[in-house]
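Worksheet for the structure shown next.
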Amino acid sequence: MRKLLLSALVLAAVSSLTAQAAVTDSMIEQEAKTGKEVLSYGLGTRGQRFSPLTQINTKSIKTLAPAWSFSFGGEKQRGQESQPLINNGKMFVTASYSRIFAIDTKTGKKLWKYEHRLPEGIMPCCDVVNRGAALYDNLVIFGTLDAQLVALDQTTGKVVWKEKIDDFAAGYSYTAAPLIAKGLVLTGVSGGEFGVVGRVEARDAKTGKMVWTRPTVEGHMGTLNGKDNGITGTTNATWPGELWKTGGAATWLGGTYDPETGLAYFGTGNPGPWNSHLRKGDNLYSCSTVAVDVATGKIVWHYQNTPNDGWDFDGVNEFVTFDMDGKRVGGKADRNGFFYVNDAKTGKLINAFPFVKKVTWATGIDLKSGRPNYVPENRPGDPTAGADGKKGATVFAAPSFLGGKNQMPMAYSPKTGMFYVPSNEWGMDIWNEPVSYKKGAAYLGAGFTIKTINDDYIGALRAIDPKTGKIAWEVKNGAPLWGGVMTTAGDLVFWGTPEGYLKAADAKTGKVVWQFQTGSGIVAPPVTWQEGDTQYLAVVSGWGGAVPLWGGDVASKVNYLEQGGSVWVFKLAGK
Ligand code: CA
């Protein structure tokens, strides 16, 4: 009897250990409140990137120093845009070329590695990056450059399930961190430069089985549990002819989820092709935020940031929900240079203002109609209007297509009420050319050269009040900012630079209070968590991403930067 009782106790202890490691929906809903673990991309599915931890603060930070560093190794360096996840003493961090590592958070010792076997002919547009994984149950789930989703056992690194997102030979790939909402794993697609069809998909996170799909181009059919679930929008209402069939609107940066609204917010990329004269109309739902009901897979509202986009102003940027004037709203710093505040439940536009200094394509956003006031002469010209029909008039446009902000996530502090936005000041010469769709080929119909605007800086980390649109402070940076931001209740803002520094500033004043050189450029967002009585901080280092590949004059300005691939972990002295 006594023996039986003992073994029952042992069993209970074992199952409680397992329960602690297994990630649940309620743990994910709590992570932003406790700050103890990092279970989601965004430090919470709302993507605020705010940690309530205070051990590392404006006073104590002077003793912040490395605890350990881990190299991703091999010859596969290139851009490292990954945000680590932390659960139960383990770090899960993805790396270039579809790799993922599990590391002991105390010692920096490698626990396991998974290297996805990539086929010849993958077509990532903008470097072989990956932005991170998702955790659910005992699984760690990430997307690959050949457009697959892989779920691995957190303890062993063994593959539990694997699902194909789409055909990589048609230009599909996946680089964003998946999003967990109510036991579902939500993903988008990459490939907006190849005429793919954007969509949001929800699978059972435990099994990988498809639950619903929702295309983000009007005219395409969605599904729920394998059955038709209604067409997105109204066929041909905002898209002419057949072009919607290869309409782009790629959801390549993933999404955010707010349990209070039950909605997942996904940004959508450019309509295909870039040449806007080929597709008259607004081209829904490209360059928009779409709010999808997680329970039904239906679009509840949409807001289009750039109707009939002609500049590759992908509207993929994260929609971060917060409370303003007693209302749940969302902020988005769009690639087109404007910061938007929309009602999180209805999508109604509440505020819009530029967050970069030079915007040429519109003079502002009309808060009544919600539409931009275009500057028609600053739209790249129609090739068919020219003498030879081969090249339209070139215009100088700002921001450049790399955006006022790109993939690097901003942070929001409920303590200061400020957004901390990693922004860039740059422009481009852009012109249109004729183009037709060909499977697996670039579908642009445009040419371009990225240009600097100022001699002394391109990047600027800006503290922005979403109510007034005022910039409270900024810290300029020579190279374009391409990492992400985190803010904490210790009144700090952390971000990395391509020059290799992880920096911290006072969240109220912008005074830089700490920095550390990581040995390669930082193009990834930092995280923080607590273990025992110690607050840790981590960031991935490894220069790359879209800037060296597409940056024109800017790329040659920063071609002295070295590649890398490592993760750095920090704590205070004596901890
Ligand atoms: Ca694009």
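The values are calculated or read from the model by the stated rules, or taken from the named source; none is laboratory data. Just so you know, these numbers come straight off a predicted model, no measurement behind them. Cβ: placed from backbone, ideal geometry, glycine included. Neighbour counts: every protein chain shown.
Taking residues in the range 287-312 that are farther than 27 Å from Ala446 by Cα, and partners anywhere that are basic (Lys, Arg) and buried (at least 22 other Cβ atoms within 10 Å of the Cβ), the pairs with Cβ atoms closer than 9 Å and at least 6 places apart or on different chains are Val292/Arg214; Gly297/Arg214; Lys298/Arg214; Ile299/Arg214.
Every condition in (1) within 16 Å of the ligand (Cβ to nearest atom); (2) in a strand (DSSP E or B) is met by Asp127 except one, and the failing one is (2). Scanning the range 328-343 turns up no residue that is touching a Leu at 6+ places or on another chain (Cβ under 8 Å), within 16 Å of the ligand (Cβ to nearest atom) and either assigned to a strand (DSSP E or B) or of a type in the set (Val, Ile, Thr) (or both).
Say whether the condition of being in a strand (DSSP E or B) and within 30 Å of Lys164 (Cα to Cα) is met by at least one residue in the range 44-62. Scanning the range 44-62 turns up no residue that is in a strand (DSSP E or B) and within 30 Å of Lys164 (Cα to Cα). Screening the range 150-180 for residues that are in contact with a helix residue (DSSP H, G or I) (Cβ under 8 Å, 6 or more places away or on another chain) and closer than 23 Å to Gly42 by Cβ and picking the one that is nearest to the ligand (Cβ to nearest atom) gives Ile180.
Could you check how many residues of the range 219-232 are farther than 17 Å from Lys209 by Cβ, buried (at least 20 other Cβ atoms within 10 Å of the Cβ) and touching a residue at least 60 places away in the same chain (Cβ under 8 Å)? Looking only at that region, the number is 1.
When the test is whether a residue is of a type in the set (Phe, Trp, Tyr), crowded, with 22+ Cβ neighbours inside 10 Å and either part of a loop (DSSP other than H, G, I, E, B) or within 16 Å of the ligand (Cβ to nearest atom) (or both), Tyr285 passes it.
Is one or more of the residues making up the range 295-310 among the hydroxyl-bearing types (Ser, Thr, Tyr), assigned to a strand (DSSP E or B) and either more than 29 Å from Glu433 (Cβ to Cβ) or in contact with a strand residue (DSSP E or B) (Cβ under 9 Å, 6 or more places away or on another chain) (or both)?
yes
Filtering the range 243-269 to residues that are more than 18 Å from Arg371 (Cβ to Cβ), crowded, with 24+ Cβ neighbours inside 10 Å and polar (S, T, N, Q) leaves Thr251, Thr256. Counting only strands (runs of 3 or more DSSP E) that sit completely within the range 198-274, those holding 1 or more residues that are under 25 Å from Lys345 (Cβ atoms), within 16 Å of the ligand (Cβ to nearest atom) and among the charged types (D, E, K, R) correspond to 199-204. Answer yes or no: is there a residue in the range 437-447 that is assigned to a strand (DSSP E or B), in contact with a helix residue (DSSP H, G or I) (Cβ under 9 Å, 6 or more places away or on another chain) and hydroxyl-bearing (Ser, Thr, Tyr). Within the range 437-447, not a single residue is assigned to a strand (DSSP E or B), in contact with a helix residue (DSSP H, G or I) (Cβ under 9 Å, 6 or more places away or on another chain) and hydroxyl-bearing (Ser, Thr, Tyr). In the set (1) charged (D, E, K, R); (2) within 16 Å of the ligand (Cβ to nearest atom); (3) in contact with a Lys or Arg (Cβ under 7 Å, 6 or more places away or on another chain); (4) more than 23 Å from Gly484 (Cα to Cα), Asp314 fails one condition alone, (4).
Give the residues of the range 121-180 that are among the polar types (S, T, N, Q) and either surrounded by fewer than 22 Cβ atoms within 10 Å (Cβ to Cβ) or under 22 Å from the mean Cα position of the chain (by Cα) (or both), sorted by residue number. Explain how you work it out, then say what you get.
Keep residues of the range 121-180 that are among the polar types (S, T, N, Q), which gives 130, 138, 144, 148, 154-156, 173, 175.
Result: Asn130, Asn138, Thr144, Gln148, Thr155, Thr156, Ser173, Thr175.
Here is a yes/no grid of residues against (1) within 16 Å of the ligand (Cβ to nearest atom); (2) small (Gly, Ala, Ser); (3) not in a strand (DSSP E or B):
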site	(1), (2), (3)
Gly74	no, yes, yes
Phe101	no, no, no
Glu120	no, no, yes
Met123	yes, no, yes
Gly132	no, yes, yes
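Among the residues making up the range 196-238, those that are closer than 26 Å to Ala442 by Cβ and either of a type in the set (Ser, Thr, Tyr) or at pLDDT below 95 (or both) are Thr213, Thr216, Thr232, Thr238. Considering only the range 381-409, state which residues are of a type in the set (S, T, N, Q) and assigned to a loop (DSSP other than H, G, I, E, B). Within the range 381-409, Thr394, Ser400, Asn406, Gln407 qualify. Just so you know, in the range 187-197 the residues that are more than 16 Å from Asn317 (Cα to Cα) and touching a Pro at 6+ places or on another chain (Cβ under 8 Å) include one that is nearest to the ligand (Cβ to nearest atom), and it is Gly195.
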